[in-house]
Amino acid sequence: MFYHLSKIFWFFGQPINLAIFLLLAGLLAALFRRRRLAATGTVLGIAILVLSAWTSVGAMMLTPLEERFPKPPLPEKVDGIVVLGGGFEGAINLARGGYELNSGGDRMVETAILARRFPQAKIVVSGGNGSLFLDGEGDADTAPRLLGALGVSA
C-alpha cells in the first residue's frame, strides 16, 4: 500500500507535474471567473517552473544532504558490493535490450570501479521495475549485461 501511495504522491509532487497541475487549476479557475484563484495558481505554477528549470535551487537543496556524511575511506578487503536500484531506464532497456542509464547511473560506474579494485567481491544489485504503469526491465536484470560489457564478472 505504501509503495502505491508513494508513487502517486511523487507523481503529483514532482516540480514539473506540480507546476502543470497548478497552471491547469489556474486555467480552470479563469474559466469559472475566479480571478484570485486563477492568478494564484498561475503565478505559483510559473514560479515553480522558473525556480526548477532556470535556477540551481534543486542542487542547492540537495547539497546539504549529499555533504552531510563524508565519503569513508575504502577498506583493505571487500567481500560484497550492494548496489541500490534506480540507475537504469527500465522501459528502454526492455525494448532495446541495452543498458540505458539515467541520472542515477553513476552508481553502476562506481560498482564497476569497485569490482575491478576488489575482484573477489560478490555484487548484489537490488531493484525491479519501479513503475506503476510502464513495463520495464529491473535493474537487477540489466546490471549483469552492463557490468559484463565493462569487463566485470557479475
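Listed values, structure above:
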{"quantity": "Number of the exception - residue 75 against (1) surrounded by 10 or more Cβ atoms within 10 Å (Cβ to Cβ); (2) outside the structural domain of residue 138 (by TED's automatic domain parsing)", "calculated": "(1)"}
{"quantity": "In region 66-87, the residues that are modelled with pLDDT under 90 and among the hydrophobic types (A, V, I, L, M, F, W, C)", "calculated": "69"}
{"quantity": "From the options 127, 136, residue that is on the phi > 0 side of the Ramachandran plot, in contact with a helix residue (DSSP H, G or I) (Cβ under 9 Å, 6 or more places away or on another chain), surrounded by 13 or more Cβ atoms within 10 Å (Cβ to Cβ) and modelled with pLDDT under 85", "calculated": "127"}
{"quantity": "Cβ pairs under 9 Å, 6+ apart, first in region 1-20 and assigned by TED's automatic domain parsing to the domain that holds residue 86, second surrounded by fewer than 10 Cβ atoms within 10 Å (Cβ to Cβ) and in a helix (DSSP H, G or I)", "calculated": "none"}
{"quantity": "Failed item, numbered, when residue 87 is tested on (1) under 28 Å from residue 143 (Cα atoms); (2) outside the structural domain of residue 137 (by TED's automatic domain parsing); (3) not β-branched (Val, Ile, Thr)", "calculated": "(2)"}
{"quantity": "Residue satisfying all of: in region 42-55; at pLDDT 90 or above and loosely packed, with under 14 Cβ neighbours inside 10 Å; farthest from the chain's Cα centre (by Cα) among these", "calculated": "43"}
{"quantity": "Failed criterion for residue 44 (all others in (1) in a helix (DSSP H, G or I); (2) touching a strand residue (DSSP E or B) at 6+ places or on another chain (Cβ under 6 Å) hold)", "calculated": "(2)"}
{"quantity": "For residue 151: the one exception among (1) under 30 Å from residue 2 (Cα atoms); (2) in contact with a helix residue (DSSP H, G or I) (Cβ under 8 Å, 6 or more places away or on another chain); (3) surrounded by fewer than 18 Cβ atoms within 10 Å (Cβ to Cβ)", "calculated": "(1)"}
{"quantity": "Residues (in a loop (DSSP other than H, G, I, E, B) and in contact (Cβ under 8 Å) with a residue 40 or more places away in the chain) located in region 67-96", "calculated": "74, 77, 78, 79, 84, 85, 86, 87, 89"}
{"quantity": "Every residue from region 23-41 that is surrounded by fewer than 11 Cβ atoms within 10 Å (Cβ to Cβ) and assigned to a loop (DSSP other than H, G, I, E, B)", "calculated": "32, 33"}
{"quantity": "Selection within region 72-93 - over 18 Å from the mean Cα position of the chain (by Cα) and within 28 Å of residue 15 (Cβ to Cβ)", "calculated": "none"}
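The values are calculated or read from the model by the stated rules, or taken from the named source; none is laboratory data. Computed from a prediction, not measured in an experiment: that's the story for all the values here. Neighbour counts are summed over all protein chains in view; Cβ atoms, including those assigned to glycine, are modelled from backbone coordinates with ideal geometry.
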